[in-house]
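What follows is a single structure, written as C-alpha cells, with notes after it.
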Amino acid sequence: MTDKKPEARRPAEHLSTEWLVTATPSRRQILKAAAFIGVGAAATQVLAACAPATASTAPSTAPSGTPPPSTGPSPSASTAARASLDASKTVRIWIQNYGDPKQQADALATIAAAFKEATGVTVQFEGLDWATAEQKWDLAMTTGDLPDIGDMFYLPSRIVQGQGKWGPVDLTSRIDAGDFGDWNRIVEASRNESTIDGKVYGIPWRIDIRAWTGRKDMFASVPKTIEDLESMGVEVLKKPGIQTATTHFAQPVDALHQGGLAFDTTFLSPDYKTSNLLDPKWIEAGNWMRDLSKKKIFSAQSEVDQKFNQNGSFYSGTTGAVYGGGTMINEAKGVAPQVVPLMVSGLQPAGASGTSRSHGSCAQWSIFENSPAIEESAAFLAWLSTDAHMSYALNQATSTISADSDVQKLDTEPYNAAFYEQGKTIEPTDMPIVAWNEMRVFPDGPLNVMANRVWGSTDDMATIFSDGHKAISDILAKNP
Amino acid sequence: MSSVELGASLDRLQFRRSVHRHGWPLLLVAPVAVILLLFMYVPVLDAVRLSLTNASLLRPGSERGVGLDNYLKIATSPEFRGIAGQTVLWSVASVAGSAVLGVLAAVLLTSQRRGRPLRGRAIIGGLILAPFVAPPVVSAYVWNYLYSGSGPINGVLASLGVSEPVYFLGDTVTKLVGVALPLWSMIQVGVWHGFPFFFLMTAAALTSIPIELHEAAAIDGATGWRDFRWVTLPLIAPVLEVTIFLELLFRLGGLDLPFLLTGGGPLGATNVWGVFIYQVGFARLDIGYGAALGVALFLICTPFAIWYVRRSRRQLAGF
C-alpha cells in the first residue's frame, strides 16, 4: 500500500478551505508548517524587542496653590553627579493615593519633571489604592516584582519578605555620608521607625499623626477631655441631619488603639515581645467605646462597615468631627471646599491621666535591592528629601505632614499646628516588629476582629480581649 | 513474510494512517491544550500541593509539609462552619428567589391577553435584563449607595416616619429568623442580579411550547394556575433544572457580589466561602490554608458537575 499523494491544487484553490479537510499532509508538509510558525514567532519577538518602550505619562500641569519648587542646587544635581547617573534608566515609584487624586498626580508630575530637568533621569510614579495596598505590597514582596522605590510601611516584615534578595536597601552609609542632609532633622519617632537593628532602611517623608478634626458648626470648641467629648457630643446630636457626633478614621484597629491610649494602655508590652491585652484597662476602654457608640457619640458603623465613607460623612454634615483622624485640610480643599472654613483641629481629648495621647506612624521611601536603578533611585531620594520646598509641595498635595522638621517650618497652615503638637508624644501606629503585619491584617486579622467585636457586638468584653490576647500571643510565638 | 511480521506491518500502517488522519486536528488543538494545561490543570495540582503545607507569604522560605492539617482545620473550625452555613443560605435563597421571580416575569411577559401578546413586552424585557448586563462592580456600588445610612432607601423610610437610619449592610444587631440583616440584604441583591438569567431561559423555553397544548388543556378545564402547574411547568422543568443547577454552582464558589457589597462583614455576617478563600489567601497570606479551602470547594462541587454532565447527556439521548 502506498500513501495517497495530495491532489494537484485547482486554480483559485487558495480561496477554498476544502483542501485543509480532505488533504492528508505529508511529514514534509507538517515540518514545513512548523518551521514557518517557529520563524514567525521568533520574528514577532524580535520586532517586539525593537519597539520603543512606552512610559505612562502623568499630567504635566503644575499643582495650583502650591509653592514653586526650589531651583537651588543640591549635591545630587551637580554636574559630576549627573554624569554618574544613567539617563536611559527610569525610576519607578509606587506611592499610595492620598487626599485628592488630581492634586497628587499634578504634584508628582511636577516633581518628576524637575528631576528630569536636573539629572536627565525619568521618574515614573504609580498610585496604589489604599484599600488594596497591603495585599499588593505583600504579594510584590513575596515575588520580588517590585518598583525601584516604594512608599513603605511595615518595614520589619518587608526585610524578612525580601529574603536578602529584594528587600529594602540599607541606606546607613549614604546617610552617614550626608547624601540625605542632616539626619537629625527627621523627627525622632520617624528616625526610630526607619531604623532596624541599627540600620536605616528608608527615608521618612510623611508622618501620619492622628488628632482631632471638628466642624465649628457642630462642636462649639475642641473637647479637652473624654468627659467633654461626651457632653458636647450630646449637644451635637440635637442638630438636624446628624447621625453620630463623631466618626472614626482608617481601620477598626486604629480606633481601638485610640481608645486604649485614652485609658493609658497599649496592645503590646513596651518591648513588643508580649501581648498586653489582659490589662484590665482594656475592659474599661472597651466598655467606654461601646457605651459611646450606643449613645451615638462614636460611630460604630464607621468601623464595622467596610464600605462606610468616613471622611465623606464629615464633609456631608452627618457627623460633627473625626476622632483620631489624619490631616484633612488639603483633601477638603479638593473635594469639599465649602467645609474648609468650618474645619478646626485640636489635640485628642485627654483620658484619666489628663494627658492627650495618640498614635502616628511614618512612611518611608525605600529602595529595593533588586532595583536595576539603585544609584538613580538614591539620587532621586537625596534630591527630593534635601529640597524642603519640593518635599513640602508633595506633602501638601498628598494632604500629609512631613517627618522633616525643616519642611514642617514651611507649613504656615493653622490647621496643622495641632497635629505637630500632638506629634511630639505619639505612640507608633505600626509596631516595629515582623509580627505586626499579621496582627493587624485587614479585615479579619485578630486586632481588627477584636475591634469589630467591641464596636459591633454584644460579646462580653473580657472574653473579647482574652480571645485577642490568645491570637496575638500565637502570632508572636510564630515570629520570635 | 510470516504472520507475525505481517501483523506488525499492518499495525504500523494503521498507526501511520491514524496519524495522517488526526495529525492536523491534533496540531490545531495543541495550543489550546497547552494553555489549559498551563493555566488550569497545573495550578490546580499546585493548589493541592500547597494545601498540604503551611506556606505563608509573610514567612517566605519557611514552608513545610503538614499533611491533612489544613483540611482538619476546615472540618473542625467553628469560624468555617458559620461561613459554610452562610454560603449555603446565600446560594439557595438567592437562587430560589431568582428562579421564582424570573419564571413569574417570563410567564407574565409571554402570556397573551385576548389572543394578543402583552403590549410593550420588548421594552419591559429589556428593562428586566438590565441587572443581568450590569457588571457586578456597578451593581455593588449602586446597592451600596441605595442601602447606605444617608441613601435613598433611608430617605424614603425617613419620610415614612422612621427616625433612625437602617444600616442594611452594616447592622450587626438586627436579625430576621436568626439571620443577620446584612445577609438578607445581600440575598436581595443576589435575587435582583440573578433573576434576569432565569427570565431569559424560561422565556425561551415557554415560547417553544406548542399553543395547542394550552388549548387542549383549556378545553379540559385547566386554566390559569392548573395550566401552569400541569402543562407549562413539566415542559420547562428541564431548562429550569439546568439553570438552577448552574446558578447554584456559581453562587457557591463566587465572591464578586459579596466581596464588593460588604467584603464579608460586618463581623463576618455576610462572609461566604469564596470571600473567605480570598481573605485567607490574599489578606492573611496563609496560602496553605487558602489552597485547602479552594480544593475543598472544588471537591464539593465536582460531584454536582459530574451529575450535571450525565443528566445532560441523558436528556440529549432522550431527544
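Read-outs throughout are calculated quantities, based only on the coordinates presented, and are distinct from any laboratory measurement. Nothing here was measured: the structure is a model prediction, and the numbers come from that model. Reconstructed Cβ throughout: ideal geometry from the backbone, glycine too, with neighbour counts over all protein chains shown.
A few comments on the model shown:
- Under 25 Å from the Cα of A:LYS281 - lysines, other chains or at least 8 residues apart: A:LYS224, A:LYS273, A:LYS294, A:LYS295, A:LYS296, A:LYS424, A:LYS470
- Prolate/oblate/rounded label for the protein assembly as shown (Cα gyration tensor, a/c 1.5): oblate
- Close amide H contacts of A:ARG357 (hydrogens built in the peptide plane, cut-off under 5 Å, sequence separation of 5 or more or a different chain): A:GLY351.
- The charge dipole of the protein assembly as shown, taken about the Cα centre with unit charges on the Cβ atoms of Lys, Arg (+1) and Asp, Glu (-1), comes to about 3300 debye, rounded to the nearest 20.
- Working from label points 7 Å from Cα in the Cα-to-Cβ sense, the B:ARG81 to B:HIS22 distance is 5.1 nm.
- Added length on full extension, which subtracts the Cα-Cα distance from 0.36 nm per residue, A:LYS424 to A:ASP467: 12.2 nm
- FRET efficiency for A:ASP197 and A:LYS116, using Cβ-Cβ distance with R0 set to 41 Å, rounded to 0.05: 0.70
- Neighbour net charge for B:LYS73 - beta-carbon separation under 14 angstrom, K R +1, D E -1: -2
- The Cβ shell under 14 Å around A:LEU342 holds other residues with a net charge of +3, Lys and Arg each +1, Asp and Glu each -1.
- The peptide list B:68-74, A:453-459, put in order of mean Cβ contacts within 10 Å with the highest first, becomes A:453-459, B:68-74.
- Remark: region B:217-228, residue by residue, has Karplus-estimated 3J(HN,Hα) of 5, 5, 4, 7, x, 9, 10, x, 5, 5, 5, 5 Hz, where x stands for each Gly or Pro and the curve is 6.51 cos²θ - 1.76 cosθ + 1.60 at θ = phi - 60°.
- Overall shape: oblate for chain B, with the ratio a/c of the largest to smallest alpha carbon gyration tensor axis at 1.5 or above and b/c at least equal to a/b.
- Rough spin-label spacing in nm, given labels placed 7 Å along Cα→Cβ, for B:TYR141 and A:LYS281: 4.4
- Sorted peptide list for B:301-309, A:389-397, A:184-192, criterion being average Cβ within 10 angstrom, highest first: A:389-397, A:184-192, B:301-309
- Peptide B:56-63 shows a mean partner chain C-beta count of 6 within 10 Å per residue C-beta.
- Relative contact order of region B:77-314, pairs being alpha-carbon contacts under 8 Å that are 6 or more residues apart, as %: 27
- For the pair B:ARG311 and B:LEU68 in one chain, pulling the backbone fully straight at 0.36 nm per residue adds 84.2 nm over the alpha carbon distance.
- Each listed q (0.15, 0.18, 0.23, 0.27 Å⁻¹) maps to a log10 I(q)/I(0) for region A:328-403, found by the Debye formula over equal Cα scatterers with no solvent: -0.78, -0.93, -1.10, -1.21.
- Options B:ALA216, B:ALA292, B:SER159, ranked by Cα towards positive dipole end of the protein assembly as shown, top entry (Cβ charges): B:ALA216
- Simple label model, 7 Å out from Cα along Cβ direction - A:LEU237 to B:LEU10, nm: 9.6
- Where a label projected 7 Å from the Cα of A:THR412 along Cα→Cβ would reach, residues of region A:302-329 with amide N under 19 Å: A:329
- Net charge of neighbours whose Cβ lies under 12 Å from the Cβ of A:ASP467, counting Lys and Arg as +1 and Asp and Glu as -1: -2
- Efficiency of FRET between B:LEU160 and A:SER221 - r from beta-carbon atoms, R0 56 angstrom, step 0.05: 0.90
- Cα gyration tensor shape of region B:8-128, rounded if a/c is under 1.5, else prolate or oblate by comparing a/b with b/c: oblate
- Residue among B:SER2, B:SER56, B:TYR41 farthest towards the positive dipole end of the protein assembly as shown, charges placed on Cβ: B:SER2
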